[in-house]
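Read the structure below first, then the notes.
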Amino acid sequence: MNAQAPLLAVNNIEVIYNEVILVLKGLSLEVQAGQIVALLGANGAGKTTTLKAISGLLKPEDGKVTDGSIEFMGEPIHRLDAEEIVRRGIFQVMEGRRVFEHLSVEENLLAGAYTRRDRHAIPQDIERVYTYFPRLKELRRRRAGYLSGGEQQMLAIGRALMARPRLMLLDEPSLGLAPLLVKEIFDIIRRINAQEGTTVLLVEQNARLALRVADYGYIMENGRIVLEGTPEVLQDNPDVKEFYLGLTEVGKRKSYREVKHYKRRKRWLS
Amino acid sequence: MDRFLQLTITGLSNGMIYALVALGFVIIYKSSDVINFAQGDLLLFGAYLAFAFVAQFGLHWTLGVVLTLVAAVVAGVIIESIVLRPLIGEPVISMIMVTIGLSSVLRAIVNAIWGPRPQSFPAFIPTQDVYIGPAVVGADRLIAIGIALAFLVAFTLFFRFTREGIAMRAIADDQQAALSMGISIKRIFALAWGIAAAAAAVGGIILANIVGVSGDISVLGLRVFPVVILGGLDSIPGAIIGGAIIGLLEAYTGGYIGQGLNLIVPFVVLVLVLMVRPYGLFGKEIIERV
Ligand SMILES: Nc1ncnc2c1ncn2[C@@H]1O[C@H](COP(=O)(O)OP(=O)(O)OP(=O)(O)O)[C@@H](O)[C@H]1O
Ligand SMILES: [Mg+2]
């Protein structure tokens with residue numbers, strides 16, 4: 001299946017914060033062009049760190065890729081500034097939405113288009129964002145800080161679309177949203193992937209949902225990938241069933257924090 | 001009544017100069033959280049640059065003004081990139097300390113090049129008297145208000161509508177998110193300093209036309225603090241309205257109550273305002289959704 005070169009290849013990277021805190025310990029993953037790839041894992045596994053390593057956003061947090069490489073379209077990008085990485089076509093939608101609160105909805109979209117060279121095409125791209133998120137059109141003059149959580153998430157994704165990225169990194173788009181809204185957002189992510197041809201690397205806690213839209217998935221623990229495969233394969237894996245989908249063999253929900261969890265985890269890592 | 005009108009015009013013209021200097025201060029504070037103690041010295045520097053181009057090199061004033069603005073922008077960008085940029089990521093307090101040092105350096109440079117003696121400026125803004133009803137006011141005062149307002153409007157439009165203006169406000173809201181848009185923080189900080197220096201230089205040129213050049217005019221630059229504290233450290237409309245209020249208060253107290261007091265009354269008002277509105281009249285509201 002890996003006949004053509006991947007759009008993104010993360011090769012064995014190590015990330016260290018503040019020169020001492022080792023968070024990613026030889027992490028590798030690949031994203032094929034046109035796919036939606038899910039990156040799953042528990043709190044603190046290093047999912048956000050992985051995305052920031054790709055998008056160049058580690059620097060302001062005093063984090064560094066100290067080993068390994070990240071290649072995008074065949075070229076190494078792990079030493080580039082965030083601005084240059086955005087220009088090359090990678091755009092991260094950060095965890096927690098991070099809209100510009102004092103800017104209007106439309107100004108937020110314009111900020112997303114900052115690196116675009118074809119300025120004349122921007123008005124029609126704003127309209128295009130509004131076709132995905134009609135609600136934003138009604139709110140276009142509203143200050144983004146007054147939007148609801150769901151509307152802000154829509155704006156964060158719309159803002160990313162404005163940059164016309166080849167690869168969109170989405171960090172927990174379902175965070176804090178009502179189930180119905182989450183479903184809507186995920187449907188739109190799928191539509192964007194299909195209609196715009198945008199490749200997506202999706203970080204989620206909600207494994208069930210992520211595996212439903214993804215073409216391929218990775219599961220990480222403690223700074224490494226411990227399992228990978230197509231959604232079908234991952235869903236059938238007993239460990240994934242138990243810890244990420246919350247199901248036991250007989251199909252009952254199970255607590256996330258059971259002691260066994262840690263035993264199994266060890267097995268993955270050895 | 002005519003006295004009132006005179007004082008109003010004088011107060012407003014000073015106030016608009018304060019507003020220009022304050023605008024620069026606000027831009028730097030908004031984008032980088034740095035309190036620029038050298039903002040008043042940028043006004044001094046701008047005034048002397050214009051003096052050099054127009055009086056010493058004998059250039060036509062239009063050319064002199066253009067060159068002054070260009071030189072001010074360049075100076076602002078250089079200051080940012082060699083003095084402040086190395087400190088990005090360090091505690092903001094270090095940057096603030098550096099601007100205090102910068103203030104002394106700028107003053108020393110001006111003193112070294114042009115000397116401490118006040119010099120007359122070849123004013124190019126017409127100074128003849130203008131009669132408004134019974135009142136007589138200097139044309140230079142009216143023109144000063146006009147020029148300052150034009151620049152303030154231009155800067156405001158820049159922030160509202162241009163790509164760089166939106167980027168600046170985005171950085172003010174959330175620096176890391178702005179970085180994730182591909183906005184270059186370095187570039188925007190440099191731009192902020194360039195604009196701040198240019199705005200102060202416009203104020204300096206207008207002031208030089210009215211009172212000549214001397215080291216004392218940086219004292220007027222110090223008025224930027226009551227202005228921005230009154231208007232709100234991060235508000236552009238606040239800088240303009242705060243400038244007008246402080247300028248008018250000074251003129252009215254100086255005219256009706258007594259010279260000398262005009263230096264105190266604005267501060268008294270400032271304290272009173274802050275007791276009611278601690279973030280200033282237009283300070284950024286903290287958005288809280290419920
Ligand atoms: N700026 C930082 N400085 C130091 N340590 C950090 C920093 N950011 C993250 N870490 C640490 O790195 C580890 C991984 O964090 P990361 O945010 O990547 O996890 P995550 O998988 O995204 O978790 P979550 O699901 O809670 O968002 C955690 O132990 C965290 O404490
Ligand atoms: Mg995270």
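The values are calculated or read from the model by the stated rules, or taken from the named source; none is laboratory data. Since this is a predicted model, take the numbers as computed values, not measurements. When we count neighbours, we look across all protein chains shown, and the Cβ atoms used for this are built from the backbone with ideal geometry, even at glycine. For the accessible areas, the whole protein counts, side chains as well, though only heavy atoms, and no ligand, DNA or RNA atoms are used. Shrake-Rupley method; radii C 1.70, N 1.55, O 1.52, S 1.80 Å.
Does B:Leu43 fit the bill of being crowded, with 24+ Cβ neighbours inside 10 Å, touching a residue at least 60 places away in the same chain (Cβ under 8 Å), assigned to a helix (DSSP H, G or I) and of a type outside the set (Asp, Glu)?
Criteria met by B:Leu43.
Report yes if some residue within region B:181-195 is more than 17 Å from B:Ile88 (Cα to Cα) and within 14 Å of another protein chain (Cβ to nearest Cβ); otherwise report no.
Checked against the condition, which is being more than 17 Å from B:Ile88 (Cα to Cα) and within 14 Å of another protein chain (Cβ to nearest Cβ), region B:181-195 yields at least one hit.
When only residues in region A:184-208 that are away from ligand 2 (no atom under 16 Å from the Cβ) and closer than 18 Å to A:Arg97 by Cβ count, which is most open to solvent (accessible area, probe 1.4 Å)? Quick ask: steps written out before the conclusion?
As a first pass, look at region A:184-208 and keep what is away from ligand 2 (no atom under 16 Å from the Cβ): A:184-200, A:208.
Still in the list and also closer than 18 Å to A:Arg97 by Cβ: A:184-186, A:188-189, A:192, A:200.
Working: A:Glu184: 85, A:Ile185: 4, A:Phe186: 6, A:Ile188: 11, A:Ile189: 5, A:Ile192: 3, A:Val200: 2 Å².
For region A:184-208, the residue satisfying everything is A:Glu184.
Could you list, in sequence order, the residues of region A:77-93 that are surrounded by fewer than 22 Cβ atoms within 10 Å (Cβ to Cβ) and at the interface with chain B (Cβ under 9 Å from one of its Cβ atoms)?
Scanning region A:77-93 gives A:Asp81, A:Glu83, A:Glu84, A:Arg87.
From the residues in region A:209-220 that are assigned to a helix (DSSP H, G or I) and farther than 12 Å from A:Gly41 by Cα, which one is most open to solvent (accessible area, probe 1.4 Å)?
Narrowing region A:209-220 to residues assigned to a helix (DSSP H, G or I): A:209-213.
Still in the list and also farther than 12 Å from A:Gly41 by Cα: A:209, A:211-213.
Numbers: A:Leu209: 26, A:Leu211: 5, A:Arg212: 143, A:Val213: 14 Å².
Per the criteria, the residue is A:Arg212.
Regarding B:Leu272, is this residue loosely packed, with under 12 Cβ neighbours inside 10 Å and either out of contact with any helix residue (DSSP H, G or I) (no Cβ under 7 Å at 6 or more places or on another chain) or at pLDDT 80 or above (or both)? Break it down stepwise before answering.
Values: loosely packed, with under 12 Cβ neighbours inside 10 Å: yes; either out of contact with any helix residue (DSSP H, G or I) (no Cβ under 7 Å at 6 or more places or on another chain) or at pLDDT 80 or above (or both): yes.
So B:Leu272 fits the description; yes.
Regarding region A:133-151, can at least one residue be identified that is within 14 Å of chain B (Cβ to nearest Cβ), within 25 Å of B:Ala167 (Cα to Cα), in contact (Cβ under 8 Å) with a residue 40 or more places away in the chain and not in a helix (DSSP H, G or I)?
yes
Hey, any hits in region A:1-8 for a residue that's near ligand 1 (Cβ under 9 Å from one of its atoms) and over 21 Å from A:Ala163 (Cβ atoms)?
Within region A:1-8, not a single residue is near ligand 1 (Cβ under 9 Å from one of its atoms) and over 21 Å from A:Ala163 (Cβ atoms).
From the residues in region A:38-60 that are open to solvent by 30 Å² or more (accessible area, probe 1.4 Å) and closer than 18 Å to A:Phe91 by Cα, which one is nearest to ligand 2 (Cβ to nearest atom)? I'd like the intermediate steps shown before the answer.
Step one: of region A:38-60, the residues open to solvent by 30 Å² or more (accessible area, probe 1.4 Å) are A:43-44, A:48, A:59-60.
Add one more test, that the residue is closer than 18 Å to A:Phe91 by Cα, and what stays is A:48, A:59-60.
Numbers: A:Thr48: 3, A:Lys59: 18, A:Pro60: 16 Å.
It comes out as A:Thr48.
For region A:10-54, which residues satisfy the criterion of being in contact (Cβ under 8 Å) with a residue 40 or more places away in the chain, within 15 Å of the chain's Cα centre (by Cα), more than 16 Å from ligand 1 (Cβ to nearest atom) and part of a strand (DSSP E or B)?
Once the filter is applied, which keeps residues that are in contact (Cβ under 8 Å) with a residue 40 or more places away in the chain, within 15 Å of the chain's Cα centre (by Cα), more than 16 Å from ligand 1 (Cβ to nearest atom) and part of a strand (DSSP E or B), region A:10-54 yields A:Val31, A:Ile36.
Does region A:221-239 contain any residue that is within 30 Å of A:Ile126 (Cα to Cα) and open to solvent by 10 Å² or more (accessible area, probe 1.4 Å)? Give the derivation first.
As a first pass, look at region A:221-239 and keep what is within 30 Å of A:Ile126 (Cα to Cα): none.
The answer is no; no qualifying residue exists.
Name the single residue that is nearest to the other protein chains (Cβ to nearest Cβ) among those in region A:160-181 being open to solvent by less than 10 Å² (accessible area, probe 1.4 Å) and assigned to a helix (DSSP H, G or I).
A:Ala160
What residue, of A:Thr115, A:Thr131, A:Thr66, is farther than 23 Å from A:Glu204 by Cα and within 16 Å of ligand 1 (Cβ to nearest atom)?
On the way: A:Thr115 fails: within 16 Å of ligand 1 (Cβ to nearest atom); A:Thr131 fails: within 16 Å of ligand 1 (Cβ to nearest atom).
Of A:Thr115, A:Thr131, A:Thr66, the one residue that is farther than 23 Å from A:Glu204 by Cα and within 16 Å of ligand 1 (Cβ to nearest atom) is A:Thr66.
Of the residues A:Glu30, A:Glu14, which is charged (D, E, K, R), over 14 Å from A:Asn222 (Cβ atoms) and either surrounded by fewer than 18 Cβ atoms within 10 Å (Cβ to Cβ) or away from ligand 2 (no atom under 16 Å from the Cβ) (or both)? Before the answer, list the steps.
Details: A:Glu14 fails: over 14 Å from A:Asn222 (Cβ atoms).
None of the other options fit; the residue is A:Glu30.
Name the residue, out of A:Glu95, A:Glu71, A:Glu83, A:Glu101, that is more than 16 Å from ligand 1 (Cβ to nearest atom) and part of a loop (DSSP other than H, G, I, E, B).
Numbers: A:Glu95 fails: more than 16 Å from ligand 1 (Cβ to nearest atom); A:Glu71 fails: part of a loop (DSSP other than H, G, I, E, B); A:Glu83 fails: part of a loop (DSSP other than H, G, I, E, B).
From the options A:Glu95, A:Glu71, A:Glu83, A:Glu101, the qualifying one is A:Glu101.
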